[in-house]
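Encoded as structure tokens, the structure appears first; notes follow it.
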Amino acid sequence: MKERYSEREKNAAEILVKLADAVTEQVGGHFFQSLVREIAEVLEVSTVLVGEFREKIEEVHVVAMYHDHKIIENISYNLAATPCANVVNKQACFYPENIQLLFPDDGMLADIHAQSYLGEPLCDAEGNVVGLIAVLDTNPMVSDQLISAVFRIFANRTANELIRRQMEEKLRRAAHFDTLTGWMERHHFYDVLEEKLSSQPDEKWVLFFIDIDNFKMINDSLGHVMGDQILRQFSGRLRFVFKEEEAVFCRFSGDEFAVLMKNRADEKAIKQLADKVFDSFQTPLLVNEHMSYMTASMGIALYPEDACGSTLLVHCADIAMNKAKTKGKNNYIFFSQDIVDDYDRYEMKNDLYEAVNNDGFHLVYQPKCACHTNKITGFEALIRWEHPARGFVSPESFIPVAEETGLIHPIGDWVLDEACRQIREWRDMGMTDVTVAINVSAVQFAKESILDDICGAVRRHDIPFSALIIEITEGMAMQNPQWTIEVLKGLRKKGILVHLDDFGTGFSSFNYLSRFPVDAIKIDRSFVQNIGIDQRDTSIVNALLGIVSSLGLNVVAEGVETKEQADYLQENGCLELQGFYFSRPLSSNDAAHLYKQKIIPGR
């Protein structure tokens, strides 16, 4: 053995040059792999490793290890009871032989059959230990000049590579992990979630989506510093509940957290785990001697039962969490199809607010024509909403939501004002006898100021009262007949025409019908569309036409789509028709162009 070391020292310079050439151009992981392999071959030893210390200096993370002609990476072992424990004190550790007898609790020494060990600390510029480099052999070892030269020459380079590696890891963690809680940030979580779902397609998963209740109030009252401490403790409570699960933790946003785990149980077991989450918050958080009781709302979604992909799974859990909020908070809800409709209405409410505040609506105009002459008698203004994501949203979908939320008032005011403005514009273009009908909702009609609102819009745009037609439904009129009569009398006194819309679908008595001061009745499209098809509906249309005619009122039929329907209505006394058979709703420019032709062409 002495002859081998003696021969090696004679060729030390040549060996060092060879070693330097092998690793000089390498960086990162390639550097460490090349270094441990080349040192092992040059020094003719069985094992060489480079390790780093992370948060815990008690543990060594092996960056690269060459053993049995193989590269081994990313393993860790405890520093205690190992021959390299002295590196923490910046001391070299040299044990020339019988090392397993000296460190019987070091399992790795036995695994690699090591008999000797030489380790050196790796330090940064300030002298702090960042890692170690160690040489182990299955034979006794002599610390000669070559080994000392190798360690001396490559220690700084190796330490610098370790420092760079740690800086890159810190940057990666800063990009992928929340610095406050140590949990994944949202974008990285989506990547991990997608990878897990795609790489384990037959696995079932459960996602918990948790939001702290009233956290804004906590921040506002206690300040952001204490708010951060509460978030840190809150995440710690969650991690403790899920400590026995192979869970992935994400701080999704400010006070929202997500926990993903494999679903190996039934719904009852998931509920038990969810109950543990809420039980954990029965004990208040203690922050700077301030006790803070917390509650949270949680949504739970299952893969693949509720969603077939990562984004949809998060969306479903989020929907369920928001539903838990609306149910009084401090509870959890499993995602189900039943809550989707509620959530869509909730989302539509928010979208309606945006549309109201950002001019998201526009009007289109459908012409009405006289039966016998095809002459255009006026237009009905219809509201349209083109949402940037939803596309066209039917009024039948958003008007009920607007009525529930009170947004129908600003929407109705806008329709009234926009219709009057358009009448003014058309009159300035020479269309002096044009009329426009607008629909007034039940909520809007019930306002005490409805008469003043309508008259104010007419005066604001300086148009004749007779140019505006107000349409109310039969059902609206019957909600409060006395109020209806009072408002309609006020409108007609000003010269504003009133049409009773959707006639035949409500339950009004003919006694009230004769008392309502209206100018025309509009037969509902549901009856018109079945003329000649359903004998019952055809008979109803005949009866309605007879009754209205006996009262001396005009009759408008809407929803006319075929020549047969138009001919039948004309033959039975209907005076005005409206529907796709004549024209679809038009833009204001197209409506003006058609109006100037005076009649509907091509009928």
> Each residue of region 258-267 in order: what ³J(HN,Hα) in whole Hz does its phi give by Karplus 6.51 cos²θ - 1.76 cosθ + 1.60, θ = phi - 60°, with x for Gly and Pro?
Replying inline: 10, 10, 10, 8, 5, 9, 9, 9, 8, 4
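Using only DSSP helix segments of four residues or longer, with each worth -39500 (n - 2.57), what per-residue ellipticity at 222 nm results for the chain after dividing by its residue count and rounding to 500? Before the final figure, lay out each step's value.
Numbers: 23 runs with 279 residues, N = 603.
When only DSSP H runs of four or more count, the value is -14500 deg cm²/dmol.
Please list, by residue number, every one of the chymotrypsin sites (Phe, Trp or Tyr not before Pro) in region 328-362 that is coil in DSSP and has at most 12 other beta-carbon atoms within 10 Å.
Listed in order of number, the matching sites amount to none.
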>> Going through the cross-link list LYS216/LYS447; LYS494/LYS598; LYS327/LYS349; LYS170/LYS325; LYS447/LYS598, which pairs have a Cα-Cα distance over 29 Å in this structure?
In response: LYS216/LYS447; LYS170/LYS325; LYS447/LYS598
> Each residue of region 467-474 in turn: what ³J(HN,Hα) in whole Hz from Karplus with 6.51, -1.76, 1.60 and θ = phi - 60°, glycine and Pro shown as x?
Replying inline: 7, 10, 10, 9, 10, 10, 7, 4
>> Just to make sure I understand: if all protein chains stay in place, what is the order of HIS30, HIS387, HIS176 by accessible area at 1.4 Å, largest first?
In response: HIS30, HIS176, HIS387
> Long-range amide H contacts for VAL498: which residues qualify at under 5 Å (H placed 1.01 Å from N, peptide plane, sequence gap of 5 or more or a different chain)?
Replying inline: ILE470, ASP519, ALA520
>> Whole angstrom only: what separates the Cα centroid of region 267-285 from the Cα centroid of region 456-485?
In response: 57
> Can you list the lysines whose alpha carbon is less than 18 Å from that of LYS262, not counting same-chain residues fewer than 8 positions off?
Replying inline: LYS196, LYS204, LYS243, LYS271, LYS276
>> What is the sum of charges, Lys and Arg at +1 and Asp and Glu at -1, for the other residues whose Cβ falls under 13 Å from the Cβ of MET226?
In response: -2
> Mean projection of the alpha-carbon convex hull of the chain over all orientations, in nm²?
Replying inline: 42.9
> Taking LYS596 as the anchor, which lysines have their alpha carbon closer than 27 Å to its alpha carbon, excluding any fewer than eight residues away along the same chain?
Replying inline: LYS368, LYS375, LYS522, LYS563
> Counting only the heavy atoms of the protein chains, how much of SER449 is accessible to a 1.4 Å probe, in Å² to the nearest 10?
Replying inline: 40
>> Show me, for region 572-588, the HN-Hα J-couplings you get by feeding each phi into the Karplus relation (A = 6.51, B = -1.76, C = 1.60, θ = phi - 60°), rounded to Hz, glycine and proline as x.
In response: 9, x, 6, 9, 10, 10, 8, x, 5, 4, 9, 5, 6, x, 10, 5, 4
> Measuring with a 1.4 Å probe in the full set of protein chains, what accessible area per residue, in whole Å², belongs to the chain?
Replying inline: 49
> Between THR377 and residues 5 or more places away or on another chain, which pairs have amide H atoms under 5 Å apart, with H built 1.01 Å from N, and which residues are they?
Replying inline: LYS368, CYS369, ALA370
>> What do you get for chymotrypsin sites (Phe, Trp or Tyr not before Pro) in region 552-603 restricted to DSSP loop and a cutoff of at most 13 other Cβ within 10 Å of the site's Cβ?
In response: PHE580
>> Run through region 222-327 and list the chymotrypsin sites (Phe, Trp or Tyr not before Pro) located in a DSSP loop whose Cβ has at most 13 other Cβ atoms within 10 Å.
In response: TYR293
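Which shape class applies to region 186-335: rounded if a/c is under 1.5, otherwise prolate when a/b exceeds b/c and oblate if not, where a ≥ b ≥ c are the square roots of the Cα gyration tensor eigenvalues?
Values: a/c = 1.87, a/b = 1.76, b/c = 1.06.
The shape class here is prolate.
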> Taking the alpha-carbon centroid of each part, what is the distance from region 407-421 to region 306-372 in angstrom?
Replying inline: 23
> By how many nm would the segment from ALA175 to SER198 grow when fully extended, if each residue of separation counts as 0.36 nm and the alpha-carbon distance is taken off?
Replying inline: 6.0 nm
>> Compute, for region 263-421, the length of the dipole vector about the Cα centre, with Cβ point charges of +1 (Lys, Arg) and -1 (Asp, Glu) only. Units Debye, rounded to 20.
In response: 100
> Ignoring ligands, DNA and RNA, what percent of the accessible area of region 427-505 is carbon or sulfur (1.4 Å)?
Replying inline: 48
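So what is the orientation-averaged projected area of region 403-542, using the convex hull of its C-alpha atoms, in nm²? All intermediate terms of the calculation are to be shown ahead of the outcome.
Numbers: hull surface 38.7 nm².
Directional mean of the projected Cα hull area for region 403-542 stands at 9.7 nm².
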>> Quick check on region 95-151: take the gyration tensor over C-alpha atoms, sort the square-rooted eigenvalues as a ≥ b ≥ c, and tell me if it's rounded (a/c under 1.5), prolate or oblate.
In response: oblate
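Quick check: net charge around ASP279, other residues with Cβ under 14 Å of its Cβ, Lys/Arg +1 and Asp/Glu -1? Show your work: numbers first, answer last.
Working: positive: ARG237, LYS271, LYS276; negative: ASP275.
Summing Lys and Arg as +1 and Asp and Glu as -1 gives +2.
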> Tell me, what % of the accessible area of region 217-355 is carbon and sulfur with a 1.4 angstrom probe?
Replying inline: 49
> Which value, in Å² rounded to 10, gives the accessible area of CYS308 with a 1.4 Å probe and all protein chains present?
Replying inline: 110
> Give me the log10 of I(q) over I(0) for region 290-422 at q = 0.13, 0.15 Å⁻¹, as the Debye formula computes it from C-alpha points; what are the numbers?
Replying inline: -0.73, -0.85
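Assuming a ≥ b ≥ c are the square roots of the Cα gyration tensor eigenvalues, decide whether region 359-597 counts as rounded (a/c under 1.5), prolate (otherwise, with a/b larger than b/c) or oblate.
Details: a/c = 1.36, a/b = 1.18, b/c = 1.16.
Because its axes are fairly even, with a/c under 1.5, region 359-597 counts as rounded.
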> Just how far, in whole angstrom, is region 561-578 from region 118-192 if you go by their alpha carbon centroids?
Replying inline: 88
> Using a 1.4 angstrom probe and counting only protein chains, how large is the accessible area of THR138 in Å², to 10?
Replying inline: 60
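The values are calculated or read from the model by the stated rules, or taken from the named source; none is laboratory data. Worth saying up front: this structure is predicted, and the values here are computed from it rather than measured. Reconstructed Cβ throughout: ideal geometry from the backbone, glycine too, with neighbour counts over all protein chains shown. Ligands, DNA and RNA are stripped out before the accessible areas are found, and what is left, the full protein with its side chains, is counted by its heavy atoms. Shrake-Rupley method; radii C 1.70, N 1.55, O 1.52, S 1.80 Å.
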